[in-house]
1. Kindly express, to the nearest 10 degrees and within the range 0 to 90, the angle between helix 234-244's C-alpha long axis and the longest C-alpha principal axis of the chain.
2. Please give the calculated 222 nm ellipticity per residue for the chain, where each DSSP H segment of at least 4 residues contributes -39500 (n - 2.57) and the sum is spread over every residue; nearest 500 deg cm²/dmol?
3. Taking the alpha carbon gyration tensor of the chain, what are the square roots of 5 times its eigenvalues, largest first, to the nearest whole Å?
4. When only C-alpha pairs under 8 Å and at least 6 residues apart count, what is the relative contact order of the range 4-152, in percent?
5. Can you tell me the relative contact order of the range 46-131? Whole percent, Cα pairs under 8 Å, sequence separation 6 or more.
6. If I fit a long axis through the Cα atoms of helix 206-219 and take the longest principal axis of the Cα atoms of the chain, what angle between them do I get, 0 to 90°, rounded to 10?
7. Taking only Cα atoms, what is the 0 to 90° angle, nearest 10, from helix 45-54's long axis to the longest principal axis of the chain?
8. Quick one: among 63, 235, 147, which has the greatest mean-square fluctuation in a GNM of the chain with alpha-carbon springs under 10 angstrom?
């Protein structure tokens, strides 16, 4: 029996990829006023952004219950005796902890291992896809776990945001708070470092910010994986993917849309890139404080 891969909805994986690789996704909760939705299940991505942009109340998010994970693990344990569960950074969400507790209710014997991706959105997504492909190839749980843990420090996520308002209001901005203030046309580039949101640079104008995003990707040299995502600008994401195809095969670039959980904090107009750097490549950008 092949290893089964579990993740959460913050991985922002397209439905086609989830189905093709048989990935199990546990949704986070989205709270809008007194209403609660399951990310990607009881509210569509399009419906969410309509609420985000048109509403006067900022949505809130919360981790899935441990019981939701128990149900998924128990169902999969009927089909396999090995599961790898890969989740959003523990410094951004309690999802990992909830997943771990969820194993306590699993009655069918099954080995379940966990990975803190130290990432979110497509940064998590590229790790999950890589693990799911190995599982489909028949690799053992130990092999997949080892390869995934090895890839975590080589995984990078960068985002160009149109505004920092949503990150700030959602309390997820961390050291990026240094960017707050009167920015006018300045567009911030943020990254995830050690599982926390960090500032990279401030660029004057969106076009320059996207140019810089391409330079950053080029700086990492050979890549194992590359993904792009957007919140509300699909055509712009496609243009970015075309530009990045000079560094990575276009048909292998994962294209996605940030779901409700990450969209709550990134806001409209966000454009994201994630990559896994080749293991023997020492190029790349230094850390930014």
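All of the numbers you see were taken from the coordinates with simple rules; none came from a lab. All values reported here derive from a predicted model rather than from experimental measurement. Note that we place each Cβ from the backbone using ideal geometry, even for glycine, and neighbour counts take in every protein chain shown.
1. 90
2. Dividing the helical sum by the residues of the chain leaves -10000 deg cm²/dmol.
3. Equivalent ellipsoid semi-axes, largest first: 30, 23, 16 Å.
4. 27
5. Worked out over the range 46-131, it gives 32 percent.
6. 50
7. 40
8. 235
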